[in-house]
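**Student:** Could you have a look at this structure, given as structure tokens, before my questions?
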Amino acid sequence: MDYKTFQPHPDLESLISCYWTLEIPKTQDTQRQRIIPDVTIEMAFILGDDIKRFTSEDSFIIQPRAMVLGHTIAPFYIEPTGYVCTFAIRFYPYGFANFVTVPIKTLENTETPLAVLFEEKTAKKLEQDIIHAANTKQRIKIIESFLLNKLNEQATVNNIVKTTIDTLLATKGSTSISQILKEDLSKRRQLERMFIKQIGVSPKQLGKLIRLQSALKAMLNEDESLTNIAYQNDYYDQSHFIKDFKEFTGVSPKEFLGNENMTLSSLFYK
């Protein structure tokens, strides 16, 4: 597997976490990969063979070749049908709302073709330009031109939403919403409404996902016990950590480590 990340243009770095590419040679023995929940929204272009996403044990859809994958709050399985070559844009939780007018909640746990979110002719041209670009550098130039033009057309995300997310990211999800708002209940109700509209999930749920991602990264990159990782990420104890881990991934931390079906998810956290 060849996974690479690239940094965005300075005018987009507050909205985009990174661009990434993934290339996997075709093999005879393809395996389903469990994808765990993420706080980000991604725009992806499938440049290789089709990729299946399973909707049940035996049923699947073919992912659109130019799509936006909204917030995922439950794990799901994908399986390549051959050669994998993907170019994608990873937006911060509040990032993508600056480029579209549809409610972000409608994108949750689903793949939405670009032609549904943008004017069809524009979306098709973008897809073809990305497909026929000579390399990743050209693809980044194409998508940045598209996004910078769109950014000028859209209203920006409310400042209280951005400030809350920035705090959650900076503290790895360990700061409570009450602490951020300093117990102002009227602001909390307002924040809840704006989060659902502009981010697609509640602030509490987003905080839990950010904290889990921090713990998962520590699991994969540090030689620490689960108990130490739990305390370092402000879980009450190891059992609290395991409970949250199972809620979002469907497996325990020990089951996650060394599981061949988790190879792709693990790659994104190393």
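The values are calculated or read from the model by the stated rules, or taken from the named source; none is laboratory data. From a predicted model like this one, the values you see are computed outputs, not experimental measurements. Positions of Cβ are generated from backbone atoms using ideal geometry, with glycine treated the same way; all protein chains shown enter the neighbour counts.
**Student:** Is it the case, given these coordinates, that Leu12 is assigned to a strand (DSSP E or B) and within 26 Å of Arg211 (Cα to Cα)?
**Tutor:** Spelling it out, it is not the case that Leu12 is assigned to a strand (DSSP E or B) and within 26 Å of Arg211 (Cα to Cα).
**Student:** Within segment 135-158, which residues are over 21 Å from the mean Cα position of the chain (by Cα) and modelled with pLDDT under 95?
**Tutor:** Matches in segment 135-158: Asn149, Asn152, Glu153, Gln154, Ala155.
Here's the yes/no breakdown for (1) under 23 Å from Thr110 (Cβ atoms); (2) of a type outside the set (Lys, Arg); (3) not assigned by TED's automatic domain parsing to the domain that holds Leu147:
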residue: Glu23; (1), (2), (3): no, yes, no
residue: Gln28; (1), (2), (3): no, yes, no
residue: Arg34; (1), (2), (3): yes, no, no
residue: Ile41; (1), (2), (3): yes, yes, no
residue: Pro75; (1), (2), (3): yes, yes, no
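**Student:** Among the candidates Glu111, Glu127, single out the residue that is farther than 25 Å from Ile73 by Cβ and touching a residue at least 24 places away in the same chain (Cβ under 8 Å).
**Tutor:** Glu127
**Student:** Taking helices (runs of 4 or more DSSP H) that fall entirely within segment 48-164, which contain at least 1 residues that are small (Gly, Ala, Ser) and crowded, with 17+ Cβ neighbours inside 10 Å?
**Tutor:** 114-117, 120-132
**Student:** Would you check which residues across segment 2-21 are farther than 15 Å from Phe87 by Cβ, more than 15 Å from the chain's Cα centre (by Cα) and touching a residue at least 40 places away in the same chain (Cβ under 8 Å) and list them?
**Tutor:** If the condition is that a residue be farther than 15 Å from Phe87 by Cβ, more than 15 Å from the chain's Cα centre (by Cα) and touching a residue at least 40 places away in the same chain (Cβ under 8 Å), then His9, Asp11, Leu12, Ser14 are the ones that fit.
**Student:** Going by the conditions given, is Ser214 under 22 Å from the mean Cα position of the chain (by Cα), of a type in the set (S, T, N, Q) and either modelled with pLDDT under 80 or assigned by TED's automatic domain parsing to the domain that holds Leu107 (or both)?
**Tutor:** The answer is no for Ser214.
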